[in-house]
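Comments concern the structure below.
The values are calculated or read from the model by the stated rules, or taken from the named source; none is laboratory data. The structure displayed is predicted, hence computed values, not measured ones. Cβ atoms come from the backbone with ideal geometry, glycine included; neighbour counts cover every protein chain shown. When the accessible area is computed, the model is the full protein with side chains, heavy atoms only, and any ligands, DNA or RNA have been set aside. Shrake-Rupley method; radii C 1.70, N 1.55, O 1.52, S 1.80 Å.
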Amino acid sequence: MIDEPKETDSVENPEAPGSLWGARFDGVMAPEMVELNQSLPVDSCLWREDIRGSQAWAQALGRAGVLTQTELASVINGLEGVALRIGSEGLGRAQEEDIHSVVERMLLEEIGSLGGKLHTGRSRNDQSATGVRLFGMNACDQIREDLVNLCRALQDLAHRGMHLPMPGYTHLQQAQPIRAAQWALSHVFAFLRDIDRINSARGAAAVLPLGSGAIAGCPFPIDREALKDELGFQRVSHNSVDAVADRDWICDLLYAGAMIGVHISRLSEDLVLFSSSGFGFVRLSDGFSTGSSLMPQKRNPDVAELARGKSGRLHGNLVTLLTLLKGLPTGYNRDLQEDKEALFDTCNTLGITVPALAGGIKTAEFVPESLESAIDTQLFATDLADYLVRKGVPFRETHGVVGRLVRLAEEEGIPLNELSIEAMQNEHVAFEEDVAEVFDWERSTEVRDTIGGTSLRAIQEQLEEVSAQLSGINTAVK
Ligand code: ARG
């Protein structure tokens, strides 16, 4: 049983005499210091990782002859008991600094003083670095899975937009016709790059620090390669001083998270714009929209707005960590305790946001009438210039010709395709009756048939590329 702490415990901190490091101290921790010192409110979620790491460490101590086989068995069972206890009762009112200290205290409560052998050759410096990495590897797997689902949702949306036009925008001005599928796929390729970044962060996380001790390595003959395999790491750290302070992989993960934030917010911004009455290209389903308490007609694209909003903290977390690390002296420094909050927040934020956005996309629909009526004839100005190019006129010249025709149509207040053939021939003799064929979005998209273009074939190719990349991800990783 956990001793129920007295009401005054938060002030009269139990650290110092009786704590993990108390023997060297006479006095208790100053009350103003207590909260600053605390890691437990943040790292308590790492209890499974800590126990897993501790069980592997016990095995390593067994192999190194530090624990007998009988001792090893009771330490392993004791840790199992701690896991069961935390699983059913939680941490109670634990007052320790961090989860590592709680688990060690509970082990002592389970198996008595033998539990005190577990920390042989280990420091909380390599122990906490190991636990966070275990968490990080799992988190990357989850983030990857969520991103794959988001990509699949966008891929389906692309299928629904294969035969629909959409104005392509530059400077948020209508530029050239594309297929709606081309727009949906543009976001998929950004998220596929994010998946690469998550994979690479996972690789950077998968380096085992355990066995580095506090700073100088471990004085007992620990088989770190075996530890690595047991805990599912890919490599063993090469230098103990570096290993206890290396948080680069968290930066990698937070950078990947920040980029996901960029991409999420750009996609969201498109959805907000495209679902507004000014555009009306997309309709989000009821499940991902909300109404207004005042205005009965309102239908707000909340999933997209909230996702766009969440990206702010994803960027902030990266800056937090870079600032935390910059200028630290060599080896472990207590500042590093602050690494976890930013990491956890990015992982939680992504875990909430990416699936919601995927759901919003899955249930979104294109609105064909709005898309078709948005294709203004001016979108074909480049096609008109290309028409003359095909008749041998240099592009620079055709650009000027079409520019004048656009102006003329504007002056006359008519669409570009309603200019008479005589008016066109006035600007250039190469215009013929077949120029009418230019003003057709399907023709315009079909001629853009090179790799990455917006023709049906080029889009089909993109869809195949996406499918290949997505199925490669599912089988190759983990
Ligand atoms: N609580 C710290 C953390 O979670 C680990 C403690 C290392 N403490 C120390 N005094 N060296 O990051």
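Just a few scattered comments:
- Val389-Leu328 FRET efficiency (beta carbon distance; Förster radius 56 Å; 0.05 resolution): 0.40
- If you model the chain as an ellipsoid using its alpha carbon gyration tensor, with each semi-axis the square root of five times an eigenvalue, the axes come out at 62, 23, 19 Å, biggest first.
- 5 angstrom amide H check on Ile178, placed H, neighbours 5+ away: Met166, Gly168
- Solvent exposure of region 182-308 as accessible area per residue, Å², 1.4 Å probe: 43 Å²
- 3J(HN,Hα) couplings calculated from phi for region 83-95 with the Karplus curve 6.51 cos²θ - 1.76 cosθ + 1.60 (θ = phi - 60°) are, in sequence order, 4, 4, 5, 5, x, 9, 10, x, 9, x, 9, 3, 10 Hz; Gly and Pro show x.
- Spin-label model distance (nm) - Arg407 vs Phe220, 7 Å beyond Cα toward Cβ: 8.6 nm
- With all protein chains kept in place, the per residue accessible area of region 57-148 amounts to 34 square angstrom at a probe of 1.4 angstrom.
- Calculated [θ] (222 nm, deg cm²/dmol) that DSSP helices of n ≥ 4 give over the chain, each run adding -39,500 (n - 2.57): -19500 deg cm²/dmol
- Each residue of region 44-56 was assigned a 3J(HN,Hα) from its phi angle through the Karplus expression (A = 6.51, B = -1.76, C = 1.60, θ = phi - 60°), giving 4, 5, 8, 5, 5, 4, 5, 5, 4, x, 5, 5, 5 Hz with x at Gly and Pro.
- In order through region 324-337: 3J(HN,Hα) via Karplus (6.51 cos²θ - 1.76 cosθ + 1.60), integer Hz, x for Gly, Pro: 4, 7, 4, x, 5, x, 4, x, 6, 10, 4, 3, 5, 4
- Accessible surface of region 125-203, 1.4 Å probe, proportion on carbon and sulfur as whole %: 48 percent
- Relative to the longest principal axis of the Cα atoms of the chain, the long axis of helix 248-274 makes an angle of roughly 30 degrees.
- The overall shape of region 196-256 is oblate: from the C-alpha gyration tensor, with semi-axes ordered a ≥ b ≥ c, the ratio a/c is 1.5 or greater and a/b is no larger than b/c.
- The label point for Gln69 and the one for Asp141, both projected 7 Å from the Cα toward the Cβ, are 3.1 nm apart.
- Full extension of the chain segment joining Arg457 with Leu114 gains 116.6 nm, where the gain is 0.36 nm per residue of separation less the Cα-Cα distance.
- Burial ranking of peptide ranges 389-398, 342-351, 90-99 (average Cβ count within 10 Å, highest at the top): 342-351, 90-99, 389-398
- When the alpha carbon coordinates of region 240-287 are projected onto the principal axes, the ranges are 59, 20, 8 Å, largest first.
- Distant-in-sequence amide contacts of Asn300, defined by a placed amide H-H separation under 5 Å and a gap of 5 or more residues or a different chain, comprise Thr290, Gly291.
- For Val282, nonlocal amide neighbours, meaning residues 5 or more places apart or on other chains whose placed amide H falls under 5 Å from its own, are Ser275, Val367.
- Where the alpha-carbon atoms of region 417-478 are placed on the principal axes, they occupy 66, 16, 13 Å, in descending order.
- Å² per residue, accessible surface of region 326-478 at 1.4 Å: 52 Å²
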